[in-house]
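Here's the structure we're looking at; comments come further down.
Rule-based calculations on the coordinates, nothing more; no lab input. Everything numeric in this text was worked out from a predicted model, so none of it was measured. Glycine also receives a Cβ, built like all others from the backbone with ideal geometry; neighbour counts cover every protein chain displayed.
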Amino acid sequence: MKKIGIIFILILLCLFGCGKSTVIPPNPQILRSIDSVTLENYAKDADMMVDTFENIHPAFSLNMIPKDYSARRDDFLEKASMPMCLSDFYYLANSYVALFKDMHGIVGITNVTDYILPIKWKWEDEELIVMDDSILKSGVKIKQIGGIPLEKLVQTVKSTMAYENDYGLAYNIEELLRSYNFLHYAGADLSDYSAVINERVKLGFELAPIDKNIERSVWAKEQDGKLLFHYGTSNIDATILNNAIDILKGYIANGGKDIIFDVRTNVGGELTNNQKIYDALCLNLPSPEVSVYVSPIFSDIENNHKYLQFFTKMELDMWIKYFEELGKKTIDEIAGKILTVPSYKPDKVKTDLNISVLVSKDTFSAGLWFAVNLQDGKTARIIGEPPHQAPDHFGYLAKGFKLPVSGMKYVVSSAFLRRSDRTSSSVLMPDILVPADMVWEYID
């Protein structure tokens with residue numbers, strides 16, 4: 001009888017509490033820094049963010065803000081006036097940006113250490129599923145973390161960090177639900193700097209790794225009869241870009257046909273640099289529709305409105321060009337309105353080149369548009385993962401804003417871009433869908 005009782009207890013343990021129990025404590029020095037974190041009032045930062053977005057961002061005139069914007073803005077301002085730690089304000093600030101669904105506007109933070117749960121999972125079909133056997137068995141579905149139901153955590157992710165398509169949302173869920181700082185913000189129980197998952201596994205946090213091997217350089221070289229053009233950034237010195245373009249032109253002049261553009265690490269820069277490459281390819285490609293918000297601040301352009309300094313020369317030149325084209329209309333007459341430049345669609349784009357473009361989830365902004373225009377012109381195969389940013393997105397940035405209390409930096413968009421091919425405005429879907437680290441296996 002005693003044996004039967006012991007066996008019964010063991011069965012119960014295996015059914016309900018026999019998961020691997022793992023606790024990985026963070027570095028003690030960092031533990032002390034977390035414990036001694038100071039609480040600040042970030043009301044001044046919140047006021048500045050609201051002022052800049054409401055003065056510059058085009059979402060208001062395009063009717064692209066939620067109906068309850070005013071209430072949610074006021075809630076943001078009220079919460080920011082309460083003492084909190086810097087990492088909590090970071091997420092609170094981004095919850096305001098999330099109202100605009102503008103990934104460009106995400107507030108950056110560099111002076112806060114984060115820890116992550118050492119577990120791999122994937123957000124798929126509205127479920128968070130474990131992907132390896134290191135902690136929980138592969139295939140296990142996550143139901144709760146730190147005492148918070150998954151549904152509530154996912155809703156907090158949606159309202160906290162901007163996303164523009166389902167792939168961006170999945171990435172946010174997978175990454176943020178591993179983050180100590182985010183789970184703290186979401187109200188999870190992180191006693192002993194660990195989190196209980198599914199009421200079975202107590203898992204400690206590890207120092208978040210920093211990827212220092214991202215190559216954002218620009219270069220071109222011939223290899224095995226193909227021309228590889230590594231376009232790691234659209235924000236590049238003109239001499240470096242021109243050197244790569246000269247190699248591209250030379251390859252084409254010598255009869256080369258097979259060109260591979262790698263924009264997997266390209267997170268943006270100057271759109272004009274994309275055009276230089278298109279010109280070298282002799283391609284007359286489609287261009288997006290651009291809706292520019294004529295902020296009232298530009299009516300004070302002669303008196304140097306306090307926010308004008310945050311626009312680059314390219315953005316200011318763009319504004320001046322639009323003003324000149326308006327002829328007799330004055331800036332005061334159009335202030336607070338939207339000017340729209342229609343998309344350009346050539347009858348047909350002709351090329352005898354075999355062009356491939358490699359993309360990843362991180363391909364962003366001008367890097368994304370480099371691939372979008374080539375796909376819309378039906379002149380290239382896109383290979384890789386769907387980028388997290390939508391082809392239709394806000395851009396043309398006022399840059400360099402720094403919040404007075406937290407020191408965090410952010411940018412504000414002043415225009416909205418719509419792709420010429422409206423059939424897929426929320427995602428750039430590759431022609432060959434494969435993980436970004438396997439793209440070379442699909443190059444002919």
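With R₀ set to 51 Å, the beta-carbon distance separating E78 from E127 gives a calculated FRET efficiency near 0.90. With respect to the cross-link table entries K143/K361; K44/K409; K44/K402; K122/K158; K226/K249, which display a Cα-Cα separation exceeding 20 Å? Flagged as over cut-off: K143/K361. The distance between label points at I252 and E441 comes to 3.2 nm (points 7 Å beyond Cα on the Cα→Cβ vector). With the alpha-carbon atoms of region 345-390 aligned to their principal axes, the span from lowest to highest coordinate is 30, 21, 13 Å, starting with the largest.
Available extension along the chain between S191 and S70 is 39.9 nm, counting 0.36 nm per residue and deducting the alpha carbon span. Estimated at 0.36 nm per residue, the fully extended path between S159 and L339 surpasses their Cα-Cα distance by 61.8 nm.
Across q = 0.11, 0.14, 0.16, 0.24 Å⁻¹, region 347-441 modelled as identical point scatterers on its alpha-carbon atoms has Debye log10 I(q)/I(0) values of -0.40, -0.60, -0.73, -1.20, in the order of the q list. If you wrap region 83-128 in the convex hull of its Cα atoms and look at it from every side, the mean projected area works out to 5.1 nm².
Rg and Dmax over the alpha-carbon atoms of region 138-196 stand at 11.4, 36 Å.
Shown in residue order for region 276-287 are the 3J(HN,Hα) couplings computed by the Karplus curve 6.51 cos²θ - 1.76 cosθ + 1.60 at θ = phi - 60°: 4, 6, 4, 4, 5, 8, 6, 10, 9, 8, x, 10 Hz (x for Gly and Pro).
Scaling against 2.2 N^0.38 Å puts the C-alpha radius of gyration of region 35-186 at 1.12. If the segment from S138 to L433 were pulled out straight at 0.36 nm per residue, it would be longer than the present Cα-Cα gap by 103.8 nm. FRET efficiency for the K378 to E199 pair, using the beta carbon distance and R₀ = 45 Å, is estimated at 0.30. Converting phi to 3J(HN,Hα) with the Karplus coefficients 6.51, -1.76 and 1.60 and the offset θ = phi - 60°, region 235-241 yields 10, 9, 4, 4, 5, 5, 5 Hz in sequence order, with x at every glycine or proline. Here the spin labels are modelled as points 7 Å beyond Cα on the Cα-Cβ line, and at T38 and I210 they lie 2.2 nm apart.
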